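Okay, structure first, notes after.
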Amino acid sequence: MLVSTAVPAGAQTTTAITPTAYWNFDTDAKDSSGNGHHGTVVSVNNKVTFTKVTGEFVRGTGALKIDNDSVKGHSDFVDVMHDVFKPNLDAFTIVTWFKRQDIAKDGMDARNFIWETSTNYASSFEYYVAGMTWRWWLNNGGVINGTNATPDDGKWHHVAVTWDRLARKTQFWFDGKLVHTKTNSSTGFLANHSNLHIGDYRAGNGGRNWDGFIDDFAVFPQVLPPCYILGLFDGSQLIHGGASCYGTGCHGMRIGNRDRATVGAPLGSPKFAVTLSGAPATKPATCCLGLKTASLELGFMDAPGCHLLLSLDVLLGTTTDSSGKALQSLPIPPVPSFAGLSLYAEWYVLDPAINKAGLGTSGGLAITILK
């Protein structure tokens, strides 16, 4: 498809949602964002590794494995030796996958930190054994006690914490669901700090180590939209790429961006694809592409809650499979003038059972073409 070598008339440009720092932990603690926030493994007993064992990672091809014991002084973590948050930041989101497990059956610390800034706790997240709860700390206080305690259940879980300075709002997401919102005490900036410890608290002395697995850890310089956080949890959204969701779908239908050999939408990529999930099975579906965004609620067409989110410039028809999913490949031509441009995608599904109009829509996907 996309074969023209001219910049499309009326095309918009947008800024893709990209992380400030991203550790996929597939093979090491290097930062994949391109910003150089590489981590250093700290381990007195060689208990920090990068595992590729099935079940020990949840995204990509590997994860961080910390096999710590309960002895203070046995430090096992990843030290990022500079501030990953931009100065005077107005907002951020931290996301990661984790599985808490006493790997060697040699005991665990009373408090298990997935991360904490150093030398203070400007930002941290822990499992507090005595209270059997997850706790998020901000600016040396302002604790949020989570309600989703799942100690040692043998399962992977996803957490996202968002912070909005000007709105004075912090939100805690667990496994793709918003579970807590807290009003911040002020509009002050994040407290100054120097390091980020992944797998231990600020002192880095092994007193509050993580024991288990951590995967796909990322920091974003903005509050991620709910569809993005849910997409990171269910796999329909990539952390580092040229696509991000916007708007909302109706009747549970969701658009996504899946990794098919490449990440994002780089010039010349033959593998980029847009996905649909949560739709009725074996029904006509159309992947619509537009050069501009739109916002039109379709209640006047007897399709309440459904929205038109783009200009209808290209329509690509297919059929959902038996599980209500569909995939549309979108080859990106190697045309330098396309770099930085955006396309917008949305799915439409026909089914008389959906509503009087027999029409359902997904949310939108903004696809930024990368250099």
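Points worth noting:
- Check on residue 98, among the aromatic types (Phe, Trp, Tyr) and in contact with a Ser or Thr (Cβ under 9 Å, 6 or more places away or on another chain): no
- Residue check, residue 159 touching a residue at least 24 places away in the same chain (Cβ under 8 Å) and part of a strand (DSSP E or B): yes
- Looking only at residues in region 323-335 that are at pLDDT 85 or above and exposed (fewer than 15 other Cβ atoms within 10 Å of the Cβ), the one that is farthest from the chain's Cα centre (by Cα) is 323.
- Where strands (runs of 3 or more DSSP E) fall wholly inside region 21-121, the ranges with 1 or more residues that are in the same structural domain as residue 204 (by TED's automatic domain parsing), free of Cβ contacts under 8 Å to residues at least 60 places away in the same chain and not hydrophobic (A, V, I, L, M, F, W, C) are 39-43, 48-51.
- Residue list for region 85-112, restricted to those being of a type in the set (A, V, I, L, M) and at pLDDT 90 or above: 91, 94, 95, 103, 104
- Just one of the listed residues (320, 361, 286) is free of Cβ contacts under 8 Å to residues at least 60 places away in the same chain and either surrounded by 16 or more Cβ atoms within 10 Å (Cβ to Cβ) or farther than 18 Å from residue 246 by Cβ (or both), and it is 320.
- Restricting region 98-127 to residues that are out of contact with any Leu (no Cβ under 9 Å at 6 or more places or on another chain) and among the hydrophobic types (A, V, I, L, M, F, W, C), the residue that is farthest from residue 72 (Cα to Cα): 98
The values are calculated or read from the model by the stated rules, or taken from the named source; none is laboratory data. Since the model is a prediction, treat every value here as computed from it, not as a measurement. Using ideal geometry, Cβ is built from the backbone for each residue, glycine included, and neighbour counts are taken over all protein chains shown.
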